[in-house]
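Trainee: Would you mind keeping the following structure in view while I ask a few things?
Just so you know, all these numbers are worked out from the coordinates, no wet-lab data involved. As the structure is a computational prediction, the values presented were derived from the model and not from experiment. Because the Cβ atoms are built from the backbone with ideal geometry, glycine has one as well, and the counts that use them run over all protein chains shown.
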Amino acid sequence: MRRLLSCLPMAFACATAAAAPFAYITNQGSHDVSVIDLATQRVVATVPVGRSPAGVVASSAAGKVYVSNPDSKSISVIDMRTQAVVNTLPAGEGPVGIDASADGRWLLVADWYGQRLLAWDLHTPGRTPLVVPVGKAPAGVAAHDRLGVAFVAERDDDSVAVIDLATARVRSRVRVGTHPFALLHDAARQRIYALNVQSDDVSVVSVADLDNPRVVATLKVGKAPYGAALAAGGRLLYVTNQHDDTVSVIDADSWKPQRTLRGFGYPEGVAAFADQVYVVNWMDDNVSVLDAASGRALATIATGKNSRGFGAFIGAPLDVSPSPVR
Amino acid sequence: MQRRHLLLSLPALTLAGAASAHGPTRQKVTEKISINASADAVWARIRNFDALKDWHPAVAESPADKGNNEGSVRQLKLKGGGALTETLEAYDDTKKRYSYRAKDGGALPVTNYTSTISVAAEGSGSVVEWRGAFYRGYPNNDPPPDQNDEAAVKAVTGVYQAGLANLKKMAEAR
């Protein structure tokens, strides 16, 4: 989130004519990715990837989008300029959660069945990933903004692990709610939000001291919280509640609930750009566009089948050439 | 274990191991049926959480311990053998809709199963929508054929189609 807010305006400024940011929505039922041009809010490409794509991270710094395909045990790499798959990486037993560091160096993947974090150093292409054993059913991952540190939700252990990439080891661990699935890193506040799908709440974890992460608040949300994003300049925390068909909007400073938005269909992934929020509706096969400040629904964009968008799915290449996209 | 058609022939299926894990790919089924009867009349037939036995042809018994209150648990006994335990998660009489969650290990080859049934007006009649979300029965890679994604979708589709077809027949009967 932080990197989107800081990087994307730059991308706009240097390449307005060539590329607006895109949203990359993984469609687990149609085995492809819907690419939405946020300037026109239309699907401009549908990119076939591996089987049952779930996780996604659009790395503006790398100019690439990384998609986890749990059923083909691979990562598809999409070039943001051509909207085509340029590489496929073998990735453990069942890759799910995925993130990249803000500098585009580290690609982080949770291996659900392999019980480990896989970390590729993208600055040395071709090298095999670091392998870090973690707890049971690792799901969501988040990169720290600078320190070579990763966070992993250990869903079936009800914990979040802090991992040092330099030593490829778990540095510390914190117990959160029941079955944390998604994680969101809030760099400005030095926090991790862990979304607990079974206890229906969000654990706010202070990671100011990486050796001693601690839960500083537990925010009640709807049933089965699944995705989170910071919006409105980082002021508001949006959380999708899969089993309530709702989205909770929470003040990220006071932790006060602001509103509960209705009318979604098993909402899953969520990401924000500029003054809008994009919510992926798994049941309805579409994306809801919301006004970030008010939560008002602005538009609906049809996507592929069983859309997930699990991860930071919005990005734009930072080094766009003047040649037109596609 | 060849499963032929929905609940009628479903054997009791004991799912292996810790039920907390599940496969990586959630599946969904949505079935709709148009009925030539008012939404009020159709809802009256299905509105009670414990009324499933009155309209679903595969269900022999469906007592619920707290009626239509959230948290109410209904214990389904199936005519073909097998059982399911389902908890009411949301109930909205004005919107004619309720949602429930099944305990893992019941007579469907699924895990993490949640479902919503609703009735809406459509012209002079109504439309009933039954939708479910679930993972396959086998939580790990390389599932056996009777516990893979396709088996899960087929089983749930069968349950919904049979129930809705019978509901239509009952509601349209004179």
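Trainee: Label point 7 Å out from residue A:166 along Cα-to-Cβ: which residues of the range A:123-158 have amide N under 12 Å?
Mentor: Once the point is set 7 Å along Cα→Cβ of residue A:166, A:147-149 turn out to lie under 12 Å by backbone N, inside the range A:123-158.
Trainee: Going by alpha carbons, how many degrees (0 to 90, nearest 10) lie between the helix axis of B:149-172 and the longest principal axis of chain B?
Mentor: Long axis of B:149-172 versus the principal axis of chain B: about 20 degrees.
Trainee: Does chain A classify as rounded, prolate or oblate by the C-alpha gyration tensor (a ≥ b ≥ c root eigenvalues; a/c under 1.5 gives rounded; else a/b over b/c gives prolate, otherwise oblate)?
Mentor: Working: a/c = 1.37, a/b = 1.08, b/c = 1.27.
Rounded is the answer for chain A, as its axis ratio a/c remains below 1.5.
Trainee: Would you work out if the range A:133-251 is rounded, prolate or oblate? Take a ≥ b ≥ c from the square roots of the eigenvalues of the alpha-carbon gyration tensor; rounded if a/c is under 1.5, else prolate when a/b is larger than b/c, oblate otherwise.
Mentor: Values: a/c = 2.04, a/b = 1.37, b/c = 1.49.
Since a/c reaches 1.5 but b/c is at least a/b, the shape of the range A:133-251 is classed as oblate.
Trainee: Next up: Quick one: which residues, 5 or more positions from residue A:306 or on another chain, have an amide H under 5 Å from its amide H? H modelled 1.01 Å from N in the peptide plane, none for Pro or chain starts.
Mentor: The answer is A:29, A:285.
Trainee: Near residue B:119, within a Cβ-to-Cβ distance under 10 Å, what is the net charge of the other residues, with Lys and Arg +1 and Asp and Glu -1? Intermediate results must be reported in sequence, preceding the final value.
Mentor: Values: positive: B:45, B:47, B:95, B:96, B:97; negative: B:40, B:122, B:129.
Once all neighbours under 10 Å are counted, the net charge is +2.
Trainee: Another one. Would you compute the Debye intensity of chain B from its alpha-carbon atoms alone, equal scatterers and no solvent, and pass along log10 I(q)/I(0) at q = 0.08, 0.14, 0.19 Å⁻¹ to two decimals?
Mentor: Debye output, listed in q order: -0.23, -0.71, -1.26.
Trainee: Using r as the Cβ-Cβ distance of residue B:161 and residue A:206, and R0 as 35 Å, what FRET efficiency do you calculate, to the nearest 0.05?
Mentor: Values: r = 51 Å, r/R0 = 1.45.
For R0 = 35 Å, the calculated efficiency reads 0.10.
Trainee: Which value in deg cm²/dmol, rounded to the nearest 500, describes the helix-derived mean residue ellipticity at 222 nm for chain B, given -39,500 (n - 2.57) per DSSP H run of n ≥ 4 and division by the residue count?
Mentor: Numbers: 3 runs with 36 residues, N = 174.
When only DSSP H runs of four or more count, the value is -6500 deg cm²/dmol.
Trainee: Still on this structure, I have one more. Would you grab the residues whose amide H sits under 5 Å from the one on residue A:97? Only those 5+ places off in sequence or on another chain, please, with H modelled 1.01 Å from N.
Mentor: Those qualifying (amide H under 5 Å, at least 5 residues apart or on another chain) are A:110.
Trainee: Let me ask something additional. If Lys and Arg each add +1 and Asp and Glu each add -1, what is the summed charge of the other residues whose beta carbon sits under 10 Å from the beta carbon of residue B:32?
Mentor: On the way: positive: B:131; negative: B:31, B:122, B:129.
Net of charged neighbours comes to -2.
Trainee: Tally Lys/Arg at +1 and Asp/Glu at -1 over every other residue whose Cβ is under 13 Å from the Cβ of residue B:55; what's the total?
Mentor: Numbers: positive: B:45, B:47, B:53, B:168, B:169; negative: B:50, B:54, B:172.
So the environment of residue B:55 carries a net charge of +2.
Trainee: State the Cα centre-to-centre distance between the range B:75-99 and the range B:122-137 in whole Å.
Mentor: 13 Å
Trainee: Per-residue counts of other Cβ atoms within 10 Å, averaged by peptide: what ranking do you get for A:120-126, A:171-177, highest first?
Mentor: Numbers: A:120-126: 12.7, A:171-177: 18.7.
Sorting A:120-126, A:171-177 by mean packing, highest first, produces A:171-177, A:120-126.
Trainee: If I model a spin label at residue A:39 and residue B:38 as a point 7 Å from the Cα along the Cα→Cβ vector, what separation in nanometres do I get?
Mentor: Modelled inter-label distance: 5.5 nm.
Trainee: I'd like the Karplus ³J(HN,Hα) series for the range A:192-199: coefficients 6.51, -1.76, 1.60, θ = phi - 60°, whole numbers in Hz, and an x wherever there's a Gly or Pro.
Mentor: 10, 9, 10, 9, 9, 5, 9, 8
Trainee: Quickly estimate the mean residue ellipticity at 222 nm for chain A, helices only: each DSSP H run with n ≥ 4 gives -39500 (n - 2.57), and the total goes over all residues, rounded to 500. It would help to have the intermediate numbers written out before the result.
Mentor: Working: 1 runs with 14 residues, N = 326.
Computed ellipticity for chain A at 222 nm equals -1500 deg cm²/dmol.
Trainee: Given B:79/B:103; A:223/B:154; A:220/A:305; B:66/B:96, which pairs have Cα atoms separated by over 23 Å?
Mentor: Details: B:79/B:103 19 Å; A:223/B:154 27 Å; A:220/A:305 30 Å; B:66/B:96 18 Å.
From the list (B:79/B:103; A:223/B:154; A:220/A:305; B:66/B:96), the Cα-Cα distance tops 23 Å for A:223/B:154; A:220/A:305.
Trainee: Residues of B:25-31, mean number of Cβ from any other protein chain within 10 Å of their own Cβ, rounded to a whole number? Intermediate values should be presented prior to the final figure.
Mentor: Values: counts 11, 10, 3, 9, 0, 3, 0.
Going residue by residue through B:25-31 and averaging, the value is 5.
Trainee: Output the peptides A:155-167, A:78-90, B:73-85 sorted from most to least packed, where packing is the average of other Cβ atoms within 10 Å over each peptide's residues.
Mentor: Numbers: A:155-167: 20.6, A:78-90: 16.4, B:73-85: 18.0.
In descending order of packing, they fall as A:155-167, B:73-85, A:78-90.
Trainee: For the charge dipole of the protein assembly as shown, defined by +1 on Lys and Arg C-beta atoms and -1 on Asp and Glu C-beta atoms about the Cα centroid, which residue among A:57, A:166, B:156 has the Cα displaced farthest towards the positive pole?
Mentor: Value: B:156.
Trainee: Using a 10 Å cut-off on Cβ atoms, rank the peptides B:90-96, B:55-61 from the highest mean neighbour count down. Could you put the intermediate results ahead of the total?
Mentor: Numbers: B:90-96: 13.1, B:55-61: 18.6.
The packing order, highest mean first, is B:55-61, B:90-96.
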